[in-house]
Each structure stands twice: as structure tokens, then as C-alpha cells.
Amino acid sequence: MSTQLSALSGQFSRSPEVWETDLGLASLRILSMRSCFSSILALALVAVCALAQGPGGAAVPAAPVPTTSRAVAPPVQLQPDASGSVSQEQIRELFRYAQEREFENEKQLRDYTYIEREEQHDLDGHGRVKKVETRTSEVLEIYGEQVEKLVAKDDKPLSDKEAKKEDDKIQKIIDKRKNESESDRRKRLQKEEKEREEDRKFVLEIADAFNFRLVGSEMVDGRDTWVIAAEPRAGFQPKERATKLLSKFKGEVWIDKAEAQWLKFDITAIDTVSLGWFLARIHKGTRVVAEQTKINDEVWLPKHVAVHVDVRLALVKNFNVDVDDSYRDYKKFRTDSKITVVGESNE
């Protein structure tokens, strides 16, 4: 995720004209479900962390977390009282555990390649669709770096020229990593680790930033889940600069009862969010709905993300888009384990 945040930060230095073409099919794509749930909740769409996150510090100690979800019962269970209510502390404890599990999911995602299909709808001021574009990419892991290789546009294969350009891009990355000096490699890894520590400090504040309410239970993809509503907690004092922005969002999350993994969340901006000294404003009503699924009976990975973004750039131009991302064909490339894909039964 830290690489994604760096890319987003670079996007904010561009002109509004470049933003118009790049925001949906570049910036929004990196808010995909490859980021852990809690980070998406806080980002809630367009580069909140990249602009607001302050300097890093020491890593927050991690709670023990199993490295596989197979037949592991979570240590945290909600216990509703006679009225059906659950205490805030029970729900916060469940959220913290789910957040820790999501860090493990993010690590295991590095063992997989997969296909991402992104569909963007550009909207006019009345919400009518002006243009539809799609991009399909193969997501690869190269020397520890996640790389997207474009394979189709508008559901049609690339031309020979476009395909060669993508192949050359991948080869350039391979050559760069192969020829990287030990000193440069060490510096790069240290920088990435620092960014992960910053992300983690930020994520672990989320459970304290909201008031939670148990809405009830619901079956999602054949799994029994808790449905929990979250609204900003009055008086919350953030430790990280980025978490100040959490007061601008509310939502619901569906958490699997058996494994304390989130299956779905629905987050909405309830107020305008100003970014980068008014370089951009996320408008009220901006929304993200995301789902993930269990793969190979060992890890929970992206399944679907639907985003509606209403942004005003440089106080002069509105950018109104719907983006729909789907993820499929997960293949584990470090072992010969049985491979399953999104949509198959993983029980």
C-alpha cells in the first residue's frame, strides 16, 4: 500500500488537465482492494493518506495473528445482551483483530497473481454517463514490487504496439531490480518498511475513531456475518494527522463471525474533505463499496470495489466518476497449492 500512497502523492502535483485523464484510470485504481480495509476506510477515496499522513515513527507492536485462516476460530466474539446490544469495547476489540488479520492478508497477496478489470463511467453534472472506458490488467509481483501489465482496453486485446510497450515496461522493471546494488536495495526496503509502519500506526487508530452499533446478522456469499454501523466519535483525539479526516466519513462493515474477517464494507463521505491546501475537495456523498472473498482456504483477497467519486480540483473543475473494479483468476505462484478463483466455492 505504501507504494500506492506514494503514487497518489505524485498525482496531486499534476495540473487539473492531467488529473482529468488520470484520476479515474490511475489514482482510483490504486485505491483498490489491494489496500487493507482499514486504510480504504480512512482514504475513503482519493489520496487522503498521501496528503495528510505525517512523518513516521516506531512501529506499533502487533498482536499475535495466525498466518492462515484455515479452521482458526477468532479469539474475539461478540456477545449481545438480552436487548441485542453489544458494548463499544467488544466491537472495538473485534475491529482491532480484523485489522491485524488484514495485515496478514496483504502480506499473502504478494504470493498471488491475478486479473483486475476496471470500468470507469464519466458523469456529467446531472449524473448522466458521458463516457465508458474499461481496462483489464494482469497484476504481477516482480522482485517484491506489485506491477500491473495492461492486457486489454474496452474489453479488446491490445494492439501489437501497445502489447510490446507493456512488455517493455515489465522488462525495464526486471532489469532495474536485477541490477540494483545492495546499498540501493537496502535503502529501498528500509523506506518501504518505514512507510508500512506509518500505515500501521494510522490504521490502528481507526477502532477508536468511531462509535459502533451492531445492526444485526446477515448472510454474505453463504457466510454468516455481523453487520456493524460506524459513525464518527465526538471528542476523538487523533494521534496521526491522517486520522483527523475520519470524522468526515460513516459506514457499515460486514465481518465474518467464524473468522473475524471483513467481507464487505460501505463507506460514505458525510462532509466535504479538503486536500492539499484546497488543491482538491472530496464532496459529500462520495462513496466506496468493497467486497473480498476467501481464496485457497488460506487468505481473504479482493473481489469487487465500486466507487463513486465527486471531486473538485484546484477549486475550478469538478470530476464526477463511477469506477467498478473486479478481481479474478488468483494464482499462487510460490507453491503448487490448489488454485481457486473468485466466484468458486472455497469452503
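List, please: which pairs have Cβ atoms under 9 Å, are six or more places apart or on different chains, and start with a residue in the range 129-140 that is touching a residue at least 12 places away in the same chain (Cβ under 8 Å) and under 12 Å from Glu118 (Cα atoms) and end with one that is part of a strand (DSSP E or B) and of a type in the set (Gly, Ala, Ser)?
Pairs found: Thr134/Ala152; Arg135/Ala152; Thr136/Ala152; Ser137/Ala152.
Can Glu259 be described as modelled with pLDDT of 90 or more, within 23 Å of Thr286 (Cα to Cα) and among the charged types (D, E, K, R)? Before the answer, list the steps.
Numbers: modelled with pLDDT of 90 or more: yes; within 23 Å of Thr286 (Cα to Cα): no; among the charged types (D, E, K, R): yes.
So Glu259 fails the test.
Out of the range 83-118, which residues are surrounded by fewer than 19 Cβ atoms within 10 Å (Cβ to Cβ) and touching an Asp or Glu at 6+ places or on another chain (Cβ under 6 Å)?
If the condition is that a residue be surrounded by fewer than 19 Cβ atoms within 10 Å (Cβ to Cβ) and touching an Asp or Glu at 6+ places or on another chain (Cβ under 6 Å), then Arg110, Ile115 are the ones that fit.
Consider only pairs whose beta carbons are under 8 Å apart and that are at least six residues apart or on different chains; among these, list those whose first residue lies in the range 87-111 and is within 26 Å of Asp329 (Cα to Cα) and whose second residue is of a type in the set (Lys, Arg) and assigned to a helix (DSSP H, G or I).
Every condition considered, the pairs that remain are Phe103/Arg200.
Quick check, is Arg213 farther than 24 Å from Val305 by Cβ and at pLDDT below 90?
no
Since Asp256 meets every condition but one in (1) surrounded by 15 or more Cβ atoms within 10 Å (Cβ to Cβ); (2) under 18 Å from Lys303 (Cβ atoms); (3) touching a residue at least 60 places away in the same chain (Cβ under 8 Å), which condition does it not meet?
(3) is the only condition that Asp256 fails.
Under 8 Å by Cβ, and 6 or more places apart or on different chains, what pairs join a residue from the range 152-164 that is under 17 Å from Val139 (Cβ atoms) with one that is at pLDDT 95 or above and in a loop (DSSP other than H, G, I, E, B)?
Ala152/Leu158
Is at least one residue of the range 106-113 in a strand (DSSP E or B), out of contact with any helix residue (DSSP H, G or I) (no Cβ under 6 Å at 6 or more places or on another chain) and either farther than 24 Å from Pro302 by Cα or at pLDDT 85 or above (or both)?
There is at least one residue in the range 106-113 that is in a strand (DSSP E or B), out of contact with any helix residue (DSSP H, G or I) (no Cβ under 6 Å at 6 or more places or on another chain) and either farther than 24 Å from Pro302 by Cα or at pLDDT 85 or above (or both).
Could you list, in sequence order, all residues of the range 264-278 that are farther than 23 Å from Glu198 by Cβ and not in a strand (DSSP E or B)?
Residues satisfying the conditions are Ile270, Asp271, Thr272, Phe278.
Here is a check on your reading of the model: is Val215 buried (at least 16 other Cβ atoms within 10 Å of the Cβ) and either touching a residue at least 24 places away in the same chain (Cβ under 8 Å) or in contact with a Phe, Trp or Tyr (Cβ under 9 Å, 6 or more places away or on another chain) (or both)?
Values: buried (at least 16 other Cβ atoms within 10 Å of the Cβ): no; either touching a residue at least 24 places away in the same chain (Cβ under 8 Å) or in contact with a Phe, Trp or Tyr (Cβ under 9 Å, 6 or more places away or on another chain) (or both): yes.
Against the criterion (buried (at least 16 other Cβ atoms within 10 Å of the Cβ) and either touching a residue at least 24 places away in the same chain (Cβ under 8 Å) or in contact with a Phe, Trp or Tyr (Cβ under 9 Å, 6 or more places away or on another chain) (or both)), Val215 does not qualify.
With the condition kept exactly as written, say whether any residue in the range 174-197 is among the small types (Gly, Ala, Ser), farther than 19 Å from Ala98 by Cα and without any contact (Cβ under 8 Å) to a residue 60 or more places away in the chain.
Scanning the range 174-197 turns up at least one residue that is among the small types (Gly, Ala, Ser), farther than 19 Å from Ala98 by Cα and without any contact (Cβ under 8 Å) to a residue 60 or more places away in the chain.
Looking at the range 220-253, which of its residues are surrounded by fewer than 22 Cβ atoms within 10 Å (Cβ to Cβ) and aromatic (Phe, Trp, Tyr)?
Phe236
Inside the range 114-128, can you point out the residues that are part of a strand (DSSP E or B) and either of a type in the set (D, E, K, R) or modelled with pLDDT under 90 (or both)?
Glu116, Arg117, Glu118, Glu119, Asp122, Leu123
The values are calculated or read from the model by the stated rules, or taken from the named source; none is laboratory data. Note that the coordinates shown come from a computational prediction; the quantities given were computed from them, not determined experimentally. Glycine also receives a Cβ, built like all others from the backbone with ideal geometry; neighbour counts cover every protein chain displayed.
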